[in-house]
Amino acid sequence: MRDLVIPAPALPTVPTSTGGRFPVRRVFCVSRNYAAHAREMGHDPDREPPFFFTKPADAVVVDDADTPYPTMTDRLEHEVELVVAIGTGGSDLAVDDALGHVWGYAVGLDLTRRDLQAEAKRLGRPWDTAKGFDASAPIGALTPAAGVDPTTGTIELRVNGDLRQSGDLADQIWSVAETIAELSRFVTLAPGDLLMTGTPEGVGVLDRGDVLDGTIAGVGSVRTRIV
Ligand code: MN
């Protein structure tokens, strides 16, 4: 075997409630998976089903670390989301089998450069710079799947203690099982893949110094400060 010509990149990991670390392979995200959020963004959820985009694996911010305010934006926004961690992979998964591929669940933040996203939408361009920037995915500790019901539970985000987003996992357009099955038709899922499953209504602007607290009943929490 040939030597690596540069040092191998560090493996991003997410802490677990069991004291371990979950290695991150890829981060997939679902857009417009709650009808009320789709409407607040100017879309008709009855006419446009949810769809996928991605973030880099090393976009994760873990262990309650601070999140640097990103460059190249004047409108950073929060989206609190249920995160699914894939433990066993596969393709063309059946909806009825999909939850059996989940290692665990966490609370995450799909941070978004909303101004760049609006420009990308207007010009028909990709969302990568709007969604896939450095430190764009703060994620809390993973709770093993056996203790979680991903079909129901209050999902909330507070900024500096004020309630900004509130919804229920039951309001997802695609359930977690349906999302996994659908994604597995596009790519072969593999252990280490994370899936951010969309945000309820109430997205809004962030400033430096804001402290974000996301919670999902029965799943856990995430905290980060924008610096
Ligand atoms: Mn999102």
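General observations
- For the pair R25 and R225, the difference between a 0.36 nm per residue extended length and the Cα-Cα distance amounts to 69.5 nm.
- Modelled FRET efficiency - R0 22 Å, R39 with Y69, Cβ distances, 0.05 increments: 0.20
- Rg and Dmax over the alpha-carbon atoms of the chain stand at 16.7, 55 Å.
- For S175, no residue whose modelled amide H falls within less than 5 Å of its own remains once neighbours fewer than 5 places apart on the same chain are excluded.
- Dmax and Rg, reported as Rg then Dmax, of the stretch 136-227 (C-alpha, Å): 14.4, 41
- Net charge dipole size for the chain [Lys, Arg +1 and Asp, Glu -1 on Cβ; Debye, nearest 20]: 560
- Estimated [θ] at 222 nm from DSSP helical runs (n ≥ 4, -39500 (n - 2.57)) normalised by residues in the chain, nearest 500: -4000 deg cm²/dmol
- For A35, the shell of other residues with beta-carbons less than 14 Å away shows a net charge of -4, using +1 for Lys and Arg and -1 for Asp and Glu.
- Top positive-direction residue, dipole computed over the chain with Cβ charges, set F133, V205, S17: F133
- Mean accessible surface per residue for the chain, computed with a 1.4 Å probe while every protein chain stays in place, in Å²: 47
- When the chain is treated as a Gaussian network with alpha carbon springs shorter than 10 Å, the biggest mean-square fluctuation among F186, F53, F28 belongs to F186.
- Options A145, G100, T71, ranked by Cα towards positive dipole end of the stretch 41-166, top entry (Cβ charges): T71
- Additional length obtainable on full extension of the chain from E119 to D134, 0.36 nm per residue less Cα span: 3.5 nm
The values are calculated or read from the model by the stated rules, or taken from the named source; none is laboratory data. If you're wondering where the values come from, they're calculated on a predicted model, not measured in any experiment. With ideal geometry, Cβ positions are generated from the backbone for all residues, glycine too; neighbour counts draw on all protein chains shown. Accessible surface is based on the protein model in full, side chains and every heavy atom, while ligands, DNA and RNA are left aside. Shrake-Rupley method; radii C 1.70, N 1.55, O 1.52, S 1.80 Å.
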